[in-house]
Amino acid sequence: MTQQTTEAPARSAAGDAPSPTRAGSWRLEMSAVNGFLLSFPLILMLALFVVYPLIRIFIEASSDGDTFGRYAAVFTNPVSRRALTTTLVDSVVVTLVATIISLTIAWTIHATKRRWVRILLWTVTLIPMWTGVIMKNYAIFIMLSKQGPVNSVLLALGIIDEPLSLLYNDTAVIIGITYSLIPYAVFSLFAAISTINLQTLTAAEALGATRTRALLGIALPVAKGGILASMALVFVLSIGFYITPVMLGGPQTAFMATLINQQLNSRYDFQGASASAAVLLIVAVLVLAVVAALVGAKTLKRAIR
């Protein structure tokens with residue numbers, strides 16, 4: 001009787017225990033078929049809304065049979081050449097200015113021990129991302145207008161005798177684009193700077209190195225890849241701006257996006273607009289390819305994410 005009683009719980013426990021080889025049991029690894037089925041909607045959306053439009057740009061630019069002429073016109077036509085030059089030059093300036101400002105912000109966030117300073121800098125960084133595009137540009141417009149705060153302060157200090165014309169030029173466009181892109185630069189730069197161990201800088205200074213020498217010899221080599229990747233990200237984003245050049249620059253500082261809009265909606269030149277967009281796309285891809293070759297694809301992907 002006792003033997004039957006002790007064997008019954010044993011059989012019950014053995015019967016209740018799940019078998020690792022039971023059919024339909026959960027596995028950590030996903031099969032290739034299930035993985036493809038789960039990712040198929042995303043792949044389909046990327047193909048329809050990203051890959052196909054990009055391919056369509058090159059097809060449309062060659063639809064009239066004069067492929068070389070369409071692309072050559074982007075560089076030979078005075079209007080398109082000026083728009084391309086303005087776009088590239090202003091984007092380079094934006095990249096340099098945004099990188100310097102964002103590098104200072106990201107380093108301060110990483111190095112400071114004051115919690116309120118980090119909160120303040122993150123708040124200032126995130127505000128442009130929380131603000132709409134029109135509102136951001138309108139705020140810059142008010143600040144740079146003849147009755148705006150900038151001219152008012154300069155007049156009050158006696159630096160100028162009459163209000164300066166700060167709008168509808170390259171400077172206004174650069175300020176507007178830089179303000180919009182600083183958050184992206186800060187995020188990517190902070191990801192690179194956060195890997196720097198501050199104790200190594202303190203040790204270098206204890207051994208006789210100056211602060212500048214420690215930063216250039218220790219911090220810069222570690223963050224160099226992230227800095228280049230951040231600059232590439234800012235440049236690629238800046239060459240595609242449309243609203244900021246229109247609101248702050250006017251006709252005098254037309255970007256390629258403005259020219260493409262005119263070709264589509266005013267001249268109905270779909271082939272010319274496609275060629276202009278293709279040139280802009282090629283420039284962006286070349287910049288990313290060069291930076292990826294210099295710093296590595298992983299570093300560039302980390303900055304873009």
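The values are calculated or read from the model by the stated rules, or taken from the named source; none is laboratory data. If you're wondering where the values come from, they're calculated on a predicted model, not measured in any experiment. Note: ideal-geometry Cβ built from the backbone for every residue, glycine included; neighbour counts use all protein chains shown. Ligands, DNA and RNA are stripped out before the accessible areas are found, and what is left, the full protein with its side chains, is counted by its heavy atoms. Shrake-Rupley method; radii C 1.70, N 1.55, O 1.52, S 1.80 Å.
I want to check a number: in the chain, how many lysine pairs have alpha carbons closer than 27 Å, given a sequence separation of 8 or more or different chains?
Count of close lysine pairs: 4.
Give me the percent relative contact order of region 186-305, please, defined on Cα pairs under 8 angstrom at least 6 residues apart.
About 33 percent, as a whole number.
Of the accessible area of the chain, with the probe set at 1.4 angstrom, what percent is carbon plus sulfur?
It is 68 percent, rounded to a whole number.
Rounded to a whole number, what is D in µm²/s for region 80-232 from Stokes-Einstein with the Kirkwood radius over alpha-carbon pairs (20 °C, 1.002 mPa s)?
120
Hey, got the dipole for region 178-302? About the Cα centre, +1 on K and R Cβ, -1 on D and E Cβ, debye to the nearest 20?
For this selection, approximately 280 debye.
State the answer as a single residue: which of 228, 194, 61 lies farthest towards the positive end of the charge dipole of the chain, with beta carbon charges of +1 for Lys and Arg and -1 for Asp and Glu, about the Cα centre.
After comparing all options, I get 194.
Ranking request for peptides 82-93, 195-206: highest mean number of other beta-carbon atoms within 10 Å first, then the rest in descending order.
Ranking the peptides 82-93, 195-206 by packing returns 82-93, 195-206.
Can you give the charge dipole size of the chain about its Cα centre, rounded to the nearest 20 debye, using +1 on the beta carbon of Lys and Arg and -1 on the beta carbon of Asp and Glu?
In total the dipole reaches around 780 debye.
What number, in percent, do you get for the relative contact order of the chain if the mean sequence gap of Cα pairs under 8 Å and at least 6 apart is divided by its residue count? Write down the numbers at each step before the final one.
On the way: 304 pairs, mean separation 75.9, N = 305.
Value for the chain: 25 percent.
Dipole magnitude of region 42-97 about its Cα centre, charges +1 at Lys/Arg Cβ and -1 at Asp/Glu Cβ only, in debye to the nearest 20?
Value, rounded to 20: 100 debye.
Report the rotationally averaged projected area of the chain based on its alpha-carbon convex hull, in square nanometres. Before the final figure, lay out the partial values.
On the way: hull surface 120.4 nm².
Over every viewing direction, the Cα hull of the chain projects on average to 30.1 nm².
As an exercise, identify the trypsin sites (Lys or Arg not before Pro) in region 87-172 lying in DSSP coil whose Cβ has no more than 12 other Cβ atoms within 10 Å.
113, 114
Considering the alpha-carbon set of region 171-305 alone, what are its Rg and its Dmax in angstrom?
My reading of the Cα-based Rg and Dmax gives 19.6, 68 Å.
Of 50, 295, 246, which is the most mobile in a GNM of the chain whose springs link Cα atoms less than 10 angstrom apart?
50
Would you calculate the volume per residue, in Å³, of the smallest convex hull containing every Cα atom of region 160-216?
140
At 1.4 Å probe size, what's the solvent-accessible area of residue 37? Round to the nearest 10 Å².
Accessible surface of residue 37 is approximately 110 Å².
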